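Step one of this worksheet: look at the structure below.
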Amino acid sequence: MTSEDSAHVLAPPPLIYGAFLALGYFTRGLLPRELVAPPYNWTFGFVLLLIGMVLVLLPALTLLRSKTALNPYRATSRIVTTGLFSVSRNPIYLGLTAGYLGVAIAFNLTVAVLLTPLVLLAMYYGVIRREEAYLERKFGDEYRQYKARVRRWL
């Protein structure tokens, strides 16, 4: 279900991360090496997952409080520049990446970690570029000024 007034992203971002994580899980026997020795893998993975959850939840709440769409298939009503959006244009995707790496490290999914660049490429071409083009079409100079002030990631 897509709206004409939306970014028309390739797939929901959590699905993209989940698909690559599943691929890493189902191919875990290909590279059986431990990334981080137990029990440190659980500690490090949990910390990254926790950071990821915060980086997803805080910006999501900011979007909801601003009464604009969190769902990339819905129309965006405004550009949000407060909270974590003042330091990153994509704090939720940073959070999803941290969570992805946290789970991959906790379970020693070497292939999933190695797939991280492909996840980021899928996000860039399938989601971020589409969202940026949509926001630029919809908000013009306001979005271009925001882009000039705030980095895409960090």
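The values are calculated or read from the model by the stated rules, or taken from the named source; none is laboratory data. Quick caveat, the model's predicted, so the values are computed rather than measured. The accessibility values were calculated without ligands, DNA or RNA, using every heavy atom of the protein model including side chains. Shrake-Rupley method; radii C 1.70, N 1.55, O 1.52, S 1.80 Å.
Computed with a 1.4 Å probe over protein heavy atoms only, the accessible area of ILE51 comes to about 80 Å². The mean accessible area for residues of the chain, using a 1.4 Å probe and ignoring ligands and nucleic acids, is 58 Å² per residue. What separates the Cα centres of the range 107-154 and the range 17-70 is a distance of 17 Å. Computed on the chain, with alpha-carbon pairs under 8 angstrom and 6+ residues apart, the relative contact order is 39 percent.
Computed across the range 39-137, the Kirkwood radius stands at 14.5 Å (inverse of mean 1/r, all Cα pairs).
Counting only protein heavy atoms and a probe of 1.4 Å, the accessible surface of the range 1-143 is 69% carbon and sulfur. Residue order by solvent-accessible surface for TYR73, TYR146, TYR124 is TYR124, TYR73, TYR146, largest first, with ligands and nucleic acids left out and a 1.4 Å probe.
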